[in-house]
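Report on one structure; see the data block that follows.
The values are calculated or read from the model by the stated rules, or taken from the named source; none is laboratory data. For clarity, every value in this text was computed on a predicted model and none was experimentally measured. Cβ coordinates were reconstructed from backbone atoms using ideal geometry, including for glycine residues, and neighbour counts include every protein chain displayed.
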């Protein structure tokens, strides 16, 4: 009886954690797109053939959603050199919500 109760409690905890993690990782790609523009990411990146004056620094983001996953993007935004030692991008100044939205936007670029 105790084992069934313990298993039931553990499964409930795991399910609630999984739901919380999913909710924490979801963002709004439309808001992320607006952030991309507001933060002037296009100065250093090329997207859909449009590039800024320093696009050679950041490179293309076309189809980045096929090349990277949310976990990689999260690390890159917070500490670019942790995943690309030669990165020239500084750590992004984004709130947790903004980070989720930006990641959702970039993942939508396929």
| message | Checking the conditions here, which among 29, 80 is at pLDDT 95 or above and more than 14 Å from residue 105 (Cβ to Cβ)? | response | 80
| Given (1) out of contact with any helix residue (DSSP H, G or I) (no Cβ under 9 Å at 6 or more places or on another chain); (2) in a helix (DSSP H, G or I); (3) at pLDDT 95 or above, number of the condition residue 22 does not satisfy | (3)
| remark: Apart from one, (1) in contact with a helix residue (DSSP H, G or I) (Cβ under 9 Å, 6 or more places away or on another chain); (2) assigned to a helix (DSSP H, G or I); (3) over 17 Å from residue 37 (Cβ atoms) all hold for residue 56; the odd one out is (1)
